[in-house]
Amino acid sequence: MKPHKMETFLGFGFSVLIVLSVVGYAPATAAEEFKVGGDEGWRQPSANETDMYYRWAATKRFHVGDSLRFEYKSDTVQIVDKWGYYHCNSTRPISVFNDGHTLINLDRSGPLYIVSADPDHCKSGQRLMVEVISVNPRNMDASPAPSPYSGAGTFPVVTEVVLFYVVSVAVTVM
């Protein structure tokens, strides 16, 4: 017995809803590892580049699950609180690293403050603040809008195309 057109359409519509629900809850991005400072690495900035880490971080989006890789020589990486960051005070660090190759996993959302333990290095700009955002689809209001060049904002377009297709098939079946 051949299935009725309406049964075929309903089966198709149900399949589309399942696919959309799975796609809608998939993480928008995969975990990424960022080399802090790019090719320059983690070093004391010169007098003309005191904002180099601020500028570097401003071009990135950091998500829970990403990581920061620090490469350096004869220096340290310290995670500090907000006060320690703004005052270049590393007397009470949260974490200290000095192995020359440090990997910090971003495991929670919110700001993360990192400085060099050398106060002169910190005061000359060797400090980094990153804002880590959640990838939880139910918490999208808290994250900044996606870049026009990323694929993170394409889901609404996919939804509209599939909806158009479903409506077109429905009109033809009836």
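What follows is calculated from the coordinates using simple rules that are stated; it is not laboratory data. Quick caveat: nothing in here was measured; it's all calculated off a predicted structure. Positions of Cβ are generated from backbone atoms using ideal geometry, with glycine treated the same way; all protein chains shown enter the neighbour counts.
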Inset, instruction - Round to the nearest 0.05 the FRET efficiency obtained for E32 and W83 when R0 = 25 Å and r is the Cβ-Cβ distance. - result: 0.30
Inset, instruction - Give me the distance in nm between label points sitting 7 Å out from Cα along the Cα-to-Cβ direction at T50 and S134, one decimal. - result: 3.7
Inset, instruction - Could you pull out every residue, at least 5 positions away or on a different chain, whose amide H is within less than 5 Å of the one on I94? Hs are placed 1.01 Å off N in the peptide plane, and Pro or chain starts have none. - result: I79, V80, D81
